[in-house]
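Asker: A single structure is presented below for examination.
The values are calculated or read from the model by the stated rules, or taken from the named source; none is laboratory data. Computed from a predicted model, the values in this text were never measured in an experiment. Glycine also receives a Cβ, built like all others from the backbone with ideal geometry; neighbour counts cover every protein chain displayed.
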Amino acid sequence: MLNCRMVKLLKILALISLIVCLGAPSCGDEQFSASRGENEIRISRESIMREFEADDLTDASLKAYQAAAMQKLSDFPDFIRMLIDTALDITFRKHAGELLKEIFISDSISVQITTEPIEKPWSVSNLIEDGLNNRVTIRAFSIDSVYVKEQPIRIGPSGYKGIIEGYQIFSSEPGIVDNKSSRLIHAEFFLTRSKKVFGSDTFLVWSASLGEISSK
């Protein structure tokens, strides 16, 4: 007959074996975990795409796309600078022209970027063409202190329009900024949906684009 100590030991060993059996992952458990992980990824993806494709933007999304438009206005002078820099390889200048075109809702949009008297503002397409052909001579400038003048509002079933402003500051000499030589810049911005390809899927997603730029 087993004494009490041996019985107690056997009970402990049996309990340990049970815990190991219960805790060890079976093939079914692993399959369940993998399936759950794939399901969570699918749900997250669908949630993101619903936000991208939503007919109406949330307040948080409006602010995010609004910030994207403001950044594009701030980046605008950098693309101009690369476009007209004759020291750069023409390949880089053409790429700058493509990037410049992409930040606007249309390449027929007019932009006022100089204080010199001209017959009419350049369209984006004409600006790119003249820049690549060395027909644009303007002082280097930056656009600073960009802020929202008018919050984006609905324009039709699939778009928003707002107004941003900033200060166009010209350089009197290369690398030197003359703070007295500045003016207020007024720019439209649009939030619209367009088709984007993600892998094998195509979705209508929102994006921010600049519209007409004029001086105040």
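Asker: Taking E38 and the conditions (1) surrounded by fewer than 14 Cβ atoms within 10 Å (Cβ to Cβ); (2) at pLDDT 95 or above; (3) not basic (K, R), which numbered condition does it fall short on, given that it satisfies the others?
Answerer: Here E38 clears every test but (2).
Asker: Which one is modelled with the lowest pLDDT among residues in the range 133-156 that are part of a strand (DSSP E or B) and basic (K, R)?
Answerer: R154
Asker: Moving on. Going by what's in this entry, would A87 be described as of a type in the set (A, V, I, L, M) and assigned to a loop (DSSP other than H, G, I, E, B)?
Answerer: Values: of a type in the set (A, V, I, L, M): yes; assigned to a loop (DSSP other than H, G, I, E, B): yes.
Considered against the rule, which asks whether it is of a type in the set (A, V, I, L, M) and assigned to a loop (DSSP other than H, G, I, E, B), A87 comes out as yes.
Asker: Still on this structure, I have one more. Kindly establish whether G162 is touching a Lys or Arg at 6+ places or on another chain (Cβ under 9 Å), under 30 Å from K63 (Cα atoms) and at pLDDT 90 or above. Give the derivation first.
Answerer: Numbers: touching a Lys or Arg at 6+ places or on another chain (Cβ under 9 Å): yes; under 30 Å from K63 (Cα atoms): yes; at pLDDT 90 or above: yes.
In short, yes.
Asker: Also, quick follow-up: Checking the conditions here, which among T86, T91, T114 is among the β-branched types (V, I, T), free of Cβ contacts under 8 Å to residues at least 12 places away in the same chain and assigned by TED's automatic domain parsing to the domain that holds L184?
Answerer: Of T86, T91, T114, the one residue that is among the β-branched types (V, I, T), free of Cβ contacts under 8 Å to residues at least 12 places away in the same chain and assigned by TED's automatic domain parsing to the domain that holds L184 is T91.
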